1. Among the residues of region 303-316, count how many are β-branched (Val, Ile, Thr) and surrounded by fewer than 21 Cβ atoms within 10 Å (Cβ to Cβ).
2. Let me spell it out: the conditions are (1) crowded, with 17+ Cβ neighbours inside 10 Å; (2) assigned to a loop (DSSP other than H, G, I, E, B); (3) among the aliphatic types (A, V, I, L, M), and LEU142 meets all of them except one. Which number is the exception?
3. Have a look at GLN128, GLN133 and point out the one that is loosely packed, with under 13 Cβ neighbours inside 10 Å, more than 20 Å from TYR316 (Cα to Cα) and more than 29 Å from the chain's Cα centre (by Cα).
4. Within region 81-93, can one find any residue that is out of contact with any Lys or Arg (no Cβ under 8 Å at 6 or more places or on another chain), of a type outside the set (Phe, Trp, Tyr), surrounded by 15 or more Cβ atoms within 10 Å (Cβ to Cβ) and outside any helix (DSSP H, G or I)?
5. Give the residue, chosen from THR110, THR158, THR103, that is surrounded by 12 or more Cβ atoms within 10 Å (Cβ to Cβ), among the β-branched types (Val, Ile, Thr), at pLDDT 95 or above and under 24 Å from GLY208 (Cα atoms).
6. If GLN400 meets every condition in (1) buried (at least 24 other Cβ atoms within 10 Å of the Cβ); (2) touching a Ser or Thr at 6+ places or on another chain (Cβ under 6 Å); (3) among the polar types (S, T, N, Q); (4) more than 23 Å from GLN287 (Cα to Cα) apart from one, which number is that one?
7. Please count how many residues of region 219-262 are within 17 Å of ILE388 (Cβ to Cβ) and in a helix (DSSP H, G or I).
8. Return only the number of the condition from (1) within 18 Å of SER351 (Cβ to Cβ); (2) modelled with pLDDT of 95 or more that ARG201 does not satisfy.
Amino acid sequence: MLDPQVFKNDTDSVAARLRDRGFELDVERYLDLEQRRRTLQTESERLRNERNIRSKLIGEAKARGEDINSLIESVGDLGTRLSELETELNGVKQHLNDIYYGTPNLTHSTVPVGKDEKDNQEIRCWGQKPEFQYEPRDHVDLGNIVNGMSFDLAAKLTGSRFVVIHGALARLHRALIQFMLDLHTTVHGYEEFYVPYLVNRDSLLGTGQLPKFVEDQFATTTDELFLIPTAEVPLTNLVRDLIIDSRELPIKLVAHTPCFRREAGSYGKDTRGMIRQHQFEKVELVQVVEPQQSYDALEELTDNAETVLRQLELPYRVVSLCTGDIGFAAAKTYDLEVWMPGQQNYREISSCSNFEAFQARRMNTKWRNQTTGHKELVHTLNGSGLAIGRTLVAVMENYQQIDGSIRVPRVLINYMNGLETISPSQ
């Protein structure tokens, strides 16, 4: 969340910057609540001091043998009034916290101002789009040809927006996971973690999924645990409530997990195929760094994700998300979009974001600055390295052949035990 002091001291500026990202802060309500908080807090402190003074007088009067009944009664009245004020004060503080936790991050000065994805800024492109002597098929048709993908079976088991993958395509899916983990751990210096797929409310609150996106979460009915929407949640929360020694930074973590999202608000979008599923896999990258290093870390993390695409020889582009399209918790985000021949379009395959201190403040995660000796909030970053299902789709569509078979990218052949082509007969 944002620094409450910035809210209090520069409310109009905060509101103007939030307006750039399409968020309208109710300034009048906020200022009224903040004024009420100050008034109640001042009055509570005054009554508490008065009660302490009168309580002391009771002791002194009692020692002198004087009648203390009126003093006791007045102290009781003060206690009752103080209890009422504190109840009201706690209610006001809760309303303020609702505002703080429901307000998105402020964007970095380099983020392009815009309303939606049309205003995103292309930063660079890589690779050549494949040329076909025929109309390229999409991954759904290719999955049917090689008999490795079924949405009907998944619908029978569970419902819509799920898939069953089997045979050589399942091996390719697994190969992509292993390749990415090996690359990030042995080359890029991330430490691999296995994490729970169920997390508590505090974890989702810490990374910003709650309370804003509660409708997008799958939750258990008895113990209020949530299926993770991304490994960002458990990985980042590993440092919740910690004070980290500067010598431990940067912290670089990676995990492969399934991810679960209701996709609330996406009704009718990407209903065909694997692009928008309720269950999908990702290899997720997280960094925890000193604040002055976070934008260098964002460039590094983005390049780590791009390396996967380059080694797979998949054409892609990098775009900087505008203020109207950026995620709730992010200060700056690069989206990696891979070329999908079957759709004749670029599609997001990774979002790499710097959250600055937004998540750290919610998680109470700090580092000890050895120069100043002070405890300061860390900066956190994350990005997909990559989304496995969408990478599988990109490989299928970019490596397809005229008979519907799919060539295996060179970097994955060893992971596929030497298999070079997934053919209709497999």
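The values are calculated or read from the model by the stated rules, or taken from the named source; none is laboratory data. Predicted model, so just to flag it, every value in this text is computed and none were measured. Positions of Cβ are generated from backbone atoms using ideal geometry, with glycine treated the same way; all protein chains shown enter the neighbour counts.
1. Initially, region 303-316 is screened for residues β-branched (Val, Ile, Thr), giving 307-308.
Subset that is surrounded by fewer than 21 Cβ atoms within 10 Å (Cβ to Cβ): 307.
Of the residues in region 303-316, 1 are β-branched (Val, Ile, Thr) and surrounded by fewer than 21 Cβ atoms within 10 Å (Cβ to Cβ).
2. The single condition LEU142 does not satisfy is (2).
3. Details: GLN128 fails: more than 20 Å from TYR316 (Cα to Cα).
Going through GLN128, GLN133 in turn, the sole match is GLN133.
4. For region 81-93, residues out of contact with any Lys or Arg (no Cβ under 8 Å at 6 or more places or on another chain), of a type outside the set (Phe, Trp, Tyr), surrounded by 15 or more Cβ atoms within 10 Å (Cβ to Cβ) and outside any helix (DSSP H, G or I): absent.
5. Working: THR110 fails: surrounded by 12 or more Cβ atoms within 10 Å (Cβ to Cβ); THR158 fails: under 24 Å from GLY208 (Cα atoms).
THR103 is the lone residue from the list that is surrounded by 12 or more Cβ atoms within 10 Å (Cβ to Cβ), among the β-branched types (Val, Ile, Thr), at pLDDT 95 or above and under 24 Å from GLY208 (Cα atoms).
6. Result: GLN400 fails condition (2) only.
7. Total satisfying the criteria: 2.
8. (1)
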